[in-house]
Amino acid sequence: MEVSENATMRGPLALVSIILPVHNAEQWLDECLMSVLQQDFEGAMELSVFNDASKDKSRAIIEKWKVKLEDSGISVVIGGHDSPSPRGVGYSKNQAVAQSTGSYLCFLDSDDVMMPQRVRMQYEAAGQHPTSIIGCQVRRDPPDSTERYTRWINHLTSDQLLTQVFTSHGPTVIMPTWFCSRAWFSHVGPFDEGGQGVPEDLLFFYEHLRKGGGVFRVDHSLLLYRYHLYAATHSVLEMTIWTHRVHFLEEQVLPHWKSFTIWNAGKQGRKLYRSLTAASRHKVVAFCDVDENKIRKGFYCYEDSQTRHLSLSHTWPRQLISARLSSAPKRKC
């Protein structure tokens, strides 16, 4: 059964709505909701929670914090359902957005913790970049988990936030840090509601880029970003991510190239080649590598075609553009 608070019972419209999907999050909710209470943003703020069929004490924790938050001037709207099974992160986010009122949306995962200045600093950035997804730097918990991935999140240059879209395993600003205007979200969205196993954040990010959206990161650590085995991202298969990445590359980049080189003559390079459509494979003029053992082999034959033999060399013509889908670390959420 779907439940949602009556919008007519709420006060004035919020300037910023914090969007919080929840599913069996009792372990982290108190700390997460405390971080909402501790925001130093001085504008009208709202928390929009959607409880996706939690079977633990999440609902009771949310109700407890509703009183505390509203006593401090933060309005709270709670929606959810008590079906036997959850409907997924994409569905929950869409419902939380739909029941909210804010002109700006600040996305938060129930296992993460915001720093007090997060809403204020990202709101300021969103005003300057109205068609961008605004992210931020993060601090990982546990501190030694996914060190390479965390460095990548925090240190991409402003140019790399766009160029590495085609080499990364996920959005170049991670979903739990997203902040954007409601108007832009409505222009791009909603999230895919396919449920478990669907990378709804990556699909939304690609659609955002298709519609000309920008990517901006506030270079302050504004989120404690937890790594644990229960994160929804672990349900997304690596091959699912790969398929979407290759499709986006073929859609957005390869039609503009007459030819290109694949940088990597090993497994990843051959995997990319095999994943391309026939039209895109015909544009591949070479594999490039620095591994002498791979270069010494001299050629690569595509398993399903006896007509394509690609020579390897130490150097390649300058006009060739290389495509490398294996340079960025895999996302671990």
Largest first and to the nearest Å, give the Cα extent of the stretch 150-211 along each principal axis. 30, 28, 20
For the stretch 124-176, just say rounded, prolate or oblate: build the C-alpha gyration tensor, square-root its eigenvalues into a ≥ b ≥ c, call rounded for a/c under 1.5, and beyond that prolate if a/b exceeds b/c, oblate if not. oblate
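Using the Cα gyration tensor of the stretch 107-202, with a ≥ b ≥ c the square roots of its eigenvalues, what is the shape: rounded (a/c below 1.5), prolate (a/b larger than b/c) or oblate (neither)? Present the calculation step by step, with values, prior to reporting the outcome.
Numbers: a/c = 1.28, a/b = 1.14, b/c = 1.13.
Here the stretch 107-202 falls in the rounded category.
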For the stretch 254-278 versus the stretch 97-113, the gap between their alpha-carbon centres in whole angstrom: 39 Å
Computed over the Cα atoms of the stretch 29-137, what is the ratio Rg over Rh, Rh following Kirkwood? 0.96
Could you compute the net charge surrounding S221? Neighbours are other residues with a C-beta less than 13 Å from the C-beta of S221; K and R count +1, D and E count -1. +2
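In this model, which of K55/K93; K211/K258; K93/K283 are farther than 29 Å apart at the alpha-carbon?
K93/K283
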Apply the Karplus parameterisation 6.51 cos²θ - 1.76 cosθ + 1.60, with θ equal to phi minus 60°, to every residue of the stretch 42-50 and state each ³J(HN,Hα) to the nearest whole Hz, in sequence, with x for glycine and proline. 9, x, 5, 10, 9, 10, 10, 10, 10
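Every number here is computed from the coordinates shown, using simple stated rules; none is lab data. The model shown is predicted, which means the values in this text are computed figures rather than measured ones. So basically every Cβ, Gly included, is an ideal-geometry build from the backbone, and we count neighbours across all protein chains shown.
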